[in-house]
Amino acid sequence: LAPRLGPGRSAERALRSPAGMLLVTAGLLLAVAAGGRGSPAPEQESPPGSRFVCTSLPLDAAGTGCPLPPVPMQGGALPPEEELKATVLQLRETVLQQKETIGSQREAIRELTGKLSRCEGADGKSAAGAWKNEVGKGKDTMGDLPRDPALVIDQLSRTMQTLKDRLESLEHQLRANVSYAALPSDLREMLQRRLGDLERQLLSKVAELEDEKSLLHNETSAHRQKTETALNALLERVSELEKGNSAFKSPDEFKVSLPLRTNYLYGKIKKTLPELYAFTVCLWLRSSASPGIGTPFSYAVPGQANEIVLIEWGNNPIELLINDKVAQLPLFISDGKWHHICITWTTRDGMWEAFQDGEKLGTGENLAPWHPIKPGGVLILGQEQDTVGGRFDATQAFVGEMSQFNIWDRVLRAEDIMNIANCSINMPGNIIPWVDNNVDVFGGATKWPVETCEERLLDL
């Protein structure tokens, strides 16, 4: 180991010496020990069959390579024993340093292992949950791949297959949805319009049914009320018959009795007249009052109290007034017997006719020609009206009895009037019929059963 030798010869002599051999052997043992105990390995492994060779290095590079015993200073050679002893001490120091390094590395590994265990225990469920769901049965790795490459590949394959199956399912659903959604754009609008129309029709039908139900209820109520009224009238009639106060054979078999000449006894027709261009009035009368029988009936409208009036006042003959125009009738009925009286009139030329007991006794014209009878007035039996429905004059009141007062809206034929007068037919008026519930009496006027038509004929 002479310092003056060249680098090659110095190395060769060092290797041949016992100390050099011991140094090589110790270096090999340290390299094997470091590799087996998990010290950081170099990135490139030595090729098979290679040997570890220590070479002498310059003094300033001793720290970067293999540790070597200190080189003695020039000028003094050590004995072999001392040199060997120094080498052994150096190797022992190197072994101690390596041992400390291995201990520190083990401590770092234990610390990292503890931290990893704590992370896996605390956050492994949330951090590695997604991976475990996809991978399936792998260990808790805190999101890292398992250490076994075969297991990683198998788990990745299964995950890829699962994702592929889900993707195919989504594509199938998407195709189904697209094929369905391509139609509805127009079809949905048509269906919505159709459903809207059906809904409106249904609501309309429901409204109609509700209206019909309401109308039916109203009609039923009105019909029930009308029926109850008719029943009450019949009950009253039955009660009157049972008491013997009345002996009416039918609703038209009655008479109105006006026994006194006053301004408060009268009868009133409930119905009114429509607009008329012709009429026929027929009634049965019996009166013995004098002078004159008074006013059997009068019809007044607003603005005209004498629209239609039949009157015998004082020593004057019976007169027919239409719109306050007067025609004298050749009738004589103040003998106290029953007489059948009919009067016809038409607005055409104001023509009129007068019948007594079925015979025509007089005719004329120019009685209020072309004047239609006004509607909506008041029809009074037994009194002459100076205003509509009132201001009666006792001197013009009718005294006696009357029955079968009927009005038609046309001129009856002479044959019909004759048949009515001789009791051949019963023909009630189509405008004003003689029925009990259409006649009210006031001021002491009364309703009584009337003699039969045949009995009235015998009285002529």
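Couple of notes before you dig in:
- Extension gain for the segment LEU216 to ALA414, taken as residue separation times 0.36 nm less the Cα-Cα distance, is 66.6 nm to one decimal.
- Calculated log₁₀ intensity ratio I(q)/I(0) where the Debye formula runs over C-alpha points of region 293-359, q = 0.15, 0.20, 0.22, 0.28 Å⁻¹: -0.49, -0.86, -1.02, -1.41
- Measuring r between the beta carbons of TYR277 and GLU228 and using R0 = 22 Å, the FRET efficiency lands at 0.05.
- If R0 is 60 Å, the Cβ-Cβ spacing of GLU365 and GLU236 corresponds to a FRET efficiency of close to 0.80.
- Accessible area in the full protein assembly, largest first, 1.4 Å probe, for ARG413, ARG158: ARG413, ARG158
- Shape call, region 321-394: gyration tensor on alpha carbons, a/c limit 1.5: oblate
- Modelled spin labels at LEU89 and LEU191, positioned 7 Å past Cα toward Cβ, are 10.1 nm from each other.
- Rounded, prolate or oblate (a/c below 1.5 giving rounded, otherwise prolate when a/b exceeds b/c) for region 254-457 by Cα gyration tensor: rounded
- Gyration tensor verdict on region 416-460 (Cα atoms; rounded if a/c is under 1.5, prolate if a/b is larger than b/c, oblate otherwise): oblate
- Packing rank of 253-263, 394-404, 291-301, 355-365, where each peptide gets the mean count of other beta carbons within 10 Å, highest leading: 291-301, 394-404, 253-263, 355-365
- ARG410 long-range amide H proximity, modeled H, under 5 Å: THR280
- Amide H to amide H distances under 5 Å link SER298 with ILE380, GLY382, GLN383, where only residues 5 or more positions off or on other chains count and H is placed in the peptide plane.
- Viscosity 1.306 mPa s, 10 °C: Kirkwood-radius Stokes-Einstein D of region 189-245 over Cα pairs, µm²/s: 105
- Computed from backbone phi with θ = phi - 60° and the Karplus coefficients 6.51, -1.76 and 1.60, the 3J(HN,Hα) list for region 385-396 is 9, 8, 10, 5, x, x, 6, 7, 10, 4, 5, 9 Hz; x is used for glycine and proline.
- Amide H contacts of LEU331 (H built 1.01 Å from N, under 5 Å, at least 5 apart or other chain): ILE318
The values are calculated or read from the model by the stated rules, or taken from the named source; none is laboratory data. None of the values given here were measured: they were computed from a predicted structure. All Cβ positions, even for glycine, are placed from backbone atoms using ideal geometry, and neighbour counts span all protein chains on display. When the accessible area is computed, the model is the full protein with side chains, heavy atoms only, and any ligands, DNA or RNA have been set aside. Shrake-Rupley method; radii C 1.70, N 1.55, O 1.52, S 1.80 Å.
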